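The values are calculated or read from the model by the stated rules, or taken from the named source; none is laboratory data. These numbers were taken from a predicted model, which means no experiment stands behind them. When we count neighbours, we look across all protein chains shown, and the Cβ atoms used for this are built from the backbone with ideal geometry, even at glycine. Please note that ligands, DNA and RNA were not included when accessible areas were found on the heavy atoms of the full protein model with its side chains. Shrake-Rupley method; radii C 1.70, N 1.55, O 1.52, S 1.80 Å.
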Amino acid sequence: MQNPKAKMDEIKTKFMDLLNKQTNRQVKIPAMGFSDYFIQTVTAAESLKSDNLEKTQSSENDAEIINAQKSDQEILESIEHIYFQVESDTDMYELKKVLGNGVNYDLINSTIAQLRKQHKVLSKKVRQNILEQRSACNEEFVAINETQKELEEALWTCRKARSYLNYARTNLTTTSLEILASYRKREILKELLNSLQAVKKLKSTDVEVQKLLSESNYSGAISLLLRCKNFAVEFMEYNCVQSLNKKLQETLLLTEYQLDTVLNEMILNFDMQKYAKLQEAYKLLNKSLMAMDQLHIHFISAIHSSVNSVIRGYNDPNVDENLKYLYEQLCENVEADKYIPCLISLCKTFWTILASYYQMVMWHQNYKLYSVDTAESPDLYIQEKLKKGKSRIWNDILTKICTFLQSSKLKTLKYDQFIQVLSIIQRLKKVGLEFCGEHSDKLIEIMQIQSEEFFQRYHIACLEEICLFLDNESWTVVDSFGNILQLPEFRSVRHTLRRHKSPPVVLLINSPSVDHSPISNNNCDELVSVHSQDAVSSIYGSYGYFLRFSEKSSPFDGGLDVAMLEEDILSGIVDEASCYFSEESDDEHKSLQSKECEDLTGCNSVTVNNTTLNVFRCIGRYLQMCKLLHCISPKIVMSMLELMDFYAFAVHEIFAKDSVVQMENFYSPKLEEKLDYVSHHVLPNIKIWPLNFSSLINNELANPDTLYGLSQRIVAVESGQCMVQQFQILHTYLNHLLPAQERSMLKNYFDYLNFMMDVGKPVYTCVTSRVIDLTAILTMMAKVKWDVNHVSFQHNNYIDIMNRNIQNFAMRLEEIGKEIAVPAEPVWNSMTHVATHLLVEGFSNVKKCSAGGRALMQLDFTNFMSILELISNQKYPECRAYVDLFIKAYYFSNEQFEEWIIEQKNLQTQQYTNKQLTNLIVCACISDKRTRQKLLNLVGSDHHLNTSSSTSTAT
């Protein structure tokens with residue numbers, strides 16, 4: 001058997017040579033008769049004929065059959081990688097593979113058959129590649145032949161040219177040479193003449209250059225200088241030209257310096273035509289990129305120099321100008337009355353610089369200095385440089401403005417002045433957004449800090465101002481007031497309130513339990529569409545500032561004290577955050593006042609006093625700050641709520657402290673929480689609290705002729721109620737101003753809008769508790785014999801006294817009603833509350849009572865309630881049930897009594913006091929000590945408790 005290693009080495013060598021020639025060729029090779037079908041057919045026929053051969057040949061044939069069924073490509077791919085390695089030992093590899101597990105003739109035969117098959121397929125592949133390369137070889141020979149032919153033609157051409165040259169040299173005469181010499185002299189003389197003219201021109205260059213510069217023809221001057229320098233280079237052998245060249249170089253340097261000076265003038269006085277000539281000149285100098293770098297340096301320098309110049313102009317003129325002050329010191333030296341004019345001047349100066357830069361950017365976008373438009377084009381570099389320079393210039397301006405705003409003088413401004421500063425900063429912020437897309441977060445952060453400090457002081461000042469109004473309040477109705485939209489402080493939100501309409505506040509009176517959630521189908525997009533045509537009055541026109549103004553006019557010119565108060569400092573787009581709209585004229589405003597009052601409040605008459613009117617004005621000013629600084633709008637809205645809560649607290653302190661009865665149960669948990677908040681968080685900030693109300697308390701509130709100052713109390717409570725109603729108009733708008741995560745605060749407040757009605761309960765009780773002589777009535781009730789067996793049809797005398805007191809009270813209310821509108825429902829509710837609790841207190845003091853006595857109690861109570869409801873023209877089912885239940889408890893069985901006591905003790909607000917329940921148990925269970933003791937234990941009271949009549953009724 002042939003050595004397998006030698007055979008495979010030969011195959012491998014041929015195959016590698018073929019692969020080196022066939023690199024990157026993807027050509028299909030014909031099968032040359034050895035198709036898969038042929039191999040399979042022949043192999044299958046041969047296998048049928050060899051069925052009777054010896055067993056040793058069977059394995060070889062089987063291997064051939066298996067290999068024949070494979071395609072040539074698969075067989076080639078099945079050749080192991082070791083056969084393609086240069087220094088591989090394939091002999092030992094095959095021997096180890098077949099003899100690894102001992103001598104196995106079948107394995108050896110199959111391996112030999114496989115190697116033969118692979119050798120056969122590989123040989124066939126090599127032959128196919130050789131045949132394929134033959135055509136390429138033929139083409140190469142043809143190309144060589146053509147090259148050889150071209151070389152022969154070139155050789156013939158060279159020989160012919162040499163023969164012609166030889167002929168010309170032979171036939172050239174002396175005459176021809178003389179002609180050539182004369183022509184040479186002529187050319188030399190012409191060259192000399194040109195040199196003399198060039199020298200003459202170089203000598204007059206300086207004058208022409210100065211003339212061109214004076215005409216602002218910078219590109220012509222540079223072009224002339226460059227041409228002269230090129231001329232000078234050609235005639236440098238002359239001493240005079242060397243001197244002129246030196247002078248031209250100096251002139252060129254001076255011209256470049258003058259160009260830089262004119263370029264610096266473009267910062268504050270941009271001229272498009274002059275700038276175009278400058279750029280053309282720099283292009284001729286091949287210094288367009290350097291000029292752009294120098295331009296940015298000029299802009300930065302102009303910012304620093306101009307801002308110092310402006311600040312110094314507003315400093316004390318007596319200060320020595322030679323002293324070197326830092327910029328921060330210059331800002332501190334600006335007087336408070338000059339603070340806003342100085343800020344406006346700064347903004348105008350910065351606007352001039354920004355407008356010039358913006359026009360330069362637009363010029364480079366519209367005009368190309370170089371015709372080549374590639375990735376490395378100088379125009380692209382310049383545009384990229386200008387784009388990056390925007391942020392740097394704006395940040396430098398922002399740093400100067402922020403330093404100025406951090407001056408201590410800002411904290412001393414008045415409210416209108418501070419609002420004006422916010423408005424100026426809003427315009428400056430929008431300029432920055434248009435200029436470079438910057439949102440000026442640093443500027444807004446500074447203003448937020450300043451605004452928080454300012455607003456905190458201003459809010460305390462407003463509280464103290466309200467205190468002064470309270471201290472001098474006459475508690476009379478202001479007749480001229482109809483709606484908060486009459487106030488100038490609310491004029492800027494009038495359009496918005498008409499569209500962001502809250503539910504009619506009249507529902508607050510008619511149905512206290514109504515849901516006060518804002519109902520509005522309007523949105524900002526709809527509002528924008530309504531007023532999008534009003535581009536004249538709105539400071540946000542259809543175009544940006546840089547298209548509406550130039551470097552000679554600015555957004556900070558004129559109208560700074562009025563128009564700028566309508567802006568929204570944190571809104572990027574008009575009407576999206578503040579819902580600002582242009583206002584109509586005063587005539588339109590007057591014609592719409594009555595309609596607005598009816599639409600927004602649902603009523604045509606309101607009750608306000610001077611204090612609540614001042615609270616409205618404070619809220620209106622707070623709204624303006626909300627529009628200008630949304631970042632502190634939650635704090636501002638919370639301060640609005642504090643103003644109203646403080647008014648309610650003050651009314652409570654003035655009018656709800658002189659009651660002759662206990663009023664602990666009058667206060668709901670929410671009201672107690674509100675009063676406690678004001679007491680602990682608001683009052684400590686007010687230096688002038690507590691106020692002196694002794695004259696009012698001693699004169700009016702203690703005077704029975706004025707019904708203990710009931711008219712003043714009504715004005716105080718109803719004014720507060722009107723204040724809440726008017727504030728409800730702002731509900732939807734305030735929701736729009738607040739961030740989504742902060743709206744729960746406002747929702748919680750509007751969920752409890754009847755706090756003034758709750759404050760009115762103890763206020764009116766201070767009057768109604770004095771209408772009836774409580775001590776006398778309790779004494780008369782104690783003298784009645786309640787353990788009677790038979791019930792007469794005549795009620796007791798104390799009921800007649802109470803009825804007369806009620807009639808007198810009703811007449812007094814009619815007299816007061818002629819002057820002011822009396823809220824009948826809360827006043828009579830208070831009166832009924834006092835009377836019914838008085839009756840329960842008197843009934844609870846009874847020691848012995850029979851069934852007839854309980855019937856007499858029911859008779860007295862029924863008579864009183866019928867008269868009370870007739871006079872007041874109201875029904876009181878809760879008060880009836882309160883007294884009826886106490887009387888009927890006498891008839892309960894022991895089990896019912898026990899359940900009722902437990903139910904009363906589990907109530908959040910107990911209807912009856914422990915004393916009343918104890919006396920009722922003792923009276924009802926006078927003969928059953930065991931049941932009495934059990935019920936007393938449930939009440940938690942000792943039956944030895946003092947049950948004597950009290951002069952105060954339990955509330």
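When restricted to residues that are open to solvent by 20 Å² or more (accessible area, probe 1.4 Å), in contact with a Leu (Cβ under 9 Å, 6 or more places away or on another chain) and under 30 Å from Lys390 (Cα atoms), the range 447-485 contains 1. Flag: Ala702 does not match the condition of being among the aliphatic types (A, V, I, L, M), modelled with pLDDT of 90 or more and surrounded by fewer than 22 Cβ atoms within 10 Å (Cβ to Cβ).
With respect to Leu346, determine if the residue is within 25 Å of Asn269 (Cα to Cα) and among the hydrophobic types (A, V, I, L, M, F, W, C). So Leu346 fits the description; yes.
Among the residues making up the range 898-911, a single one is part of a helix (DSSP H, G or I), at pLDDT below 85 and of a type outside the set (S, T, N, Q): Lys905. A single member of Leu422, Leu433 is out of contact with any helix residue (DSSP H, G or I) (no Cβ under 8 Å at 6 or more places or on another chain) and either in contact (Cβ under 8 Å) with a residue 60 or more places away in the chain or not assigned by the TED database to the domain that holds Pro690 (or both), and it is Leu433. Being within 25 Å of the chain's Cα centre (by Cα), within 30 Å of Pro634 (Cα to Cα), in contact (Cβ under 8 Å) with a residue 12 or more places away in the chain and surrounded by fewer than 22 Cβ atoms within 10 Å (Cβ to Cβ) holds for only one residue in Leu730, Leu746, Leu734, and it is Leu746.
Of everything in the range 250-272, what is closer than 28 Å to Val307 by Cα and without any contact (Cβ under 8 Å) to a residue 12 or more places away in the chain? Give them in sequence order. Scanning the range 250-272 gives Tyr257, Thr261, Glu265, Asp271. Any residue in the range 486-503 that is modelled with pLDDT of 85 or more, in contact with a helix residue (DSSP H, G or I) (Cβ under 7 Å, 6 or more places away or on another chain) and open to solvent by 60 Å² or more (accessible area, probe 1.4 Å)? No.
In the range 162-177, the condition of being more than 30 Å from Asp72 (Cβ to Cβ), outside any helix (DSSP H, G or I) and open to solvent by 90 Å² or more (accessible area, probe 1.4 Å) is met by at least one residue. Picking from residues in the range 67-110 that are among the polar types (S, T, N, Q) and part of a helix (DSSP H, G or I), the one that is least open to solvent (accessible area, probe 1.4 Å) is Thr90. Considering only the range 447-487, how many residues are without any contact (Cβ under 8 Å) to a residue 60 or more places away in the chain and in a helix (DSSP H, G or I)? Of the residues in the range 447-487, 8 are without any contact (Cβ under 8 Å) to a residue 60 or more places away in the chain and in a helix (DSSP H, G or I).
Filtering Arg804, Arg812 for residues that are modelled with pLDDT of 90 or more, open to solvent by 40 Å² or more (accessible area, probe 1.4 Å) and either over 22 Å from Gln721 (Cβ atoms) or touching a strand residue (DSSP E or B) at 6+ places or on another chain (Cβ under 7 Å) (or both) leaves a single hit, Arg804.
Please go through the range 252-280 and pick out each residue that is of a type outside the set (A, V, I, L, M, F, W, C) and under 41 Å from the mean Cα position of the chain (by Cα). Residues satisfying the conditions are Asn264, Glu265, Asn269, Asp271, Tyr275.
Per-residue answers, yes or no, for (1) open to solvent by 40 Å² or more (accessible area, probe 1.4 Å); (2) closer than 29 Å to Val477 by Cβ; (3) under 60 Å from the mean Cα position of the chain (by Cα):
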site	(1), (2), (3)
Leu838	no, no, yes
Leu856	no, no, no
Ile871	yes, yes, yes
Gln874	no, yes, yes
Val883	no, no, yes
Ser893	yes, no, no
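Under 6 Å by Cβ, and 6 or more places apart or on different chains, what pairs join a residue from the range 637-658 that is closer than 17 Å to His731 by Cβ and modelled with pLDDT of 90 or more with one that is among the aromatic types (Phe, Trp, Tyr) and open to solvent by less than 10 Å² (accessible area, probe 1.4 Å)? Cβ pairs passing all conditions: Met640/Tyr622. Met723 meets the conditions (1) at pLDDT 85 or above; (2) open to solvent by less than 10 Å² (accessible area, probe 1.4 Å); (3) assigned to a loop (DSSP other than H, G, I, E, B) in every case but one. The failed one is (3).
Listed by first and then second residue, the pairs with beta-carbon distance under 7 Å, at least 6 apart or on different chains, first residue in the range 768-786 and under 17 Å from Leu920 (Cα atoms), second in a helix (DSSP H, G or I), are Leu778/Glu841; Leu778/Gly842; Met781/Tyr798; Met781/Gly842; Trp786/Gly853; Trp786/Leu856. The set of residues from the range 732-786 being of a type in the set (A, V, I, L, M, F, W, C) and not in a helix (DSSP H, G or I) comprises Leu738, Leu753, Ile772, Val784, Trp786.
Among the candidates Ala136, Ala113, Ala154, which residue alone is part of a helix (DSSP H, G or I), more than 30 Å from Glu77 (Cα to Cα) and either open to solvent by less than 70 Å² (accessible area, probe 1.4 Å) or among the hydrophobic types (A, V, I, L, M, F, W, C) (or both)? Just a single option satisfies the conditions, and that option is Ala154.
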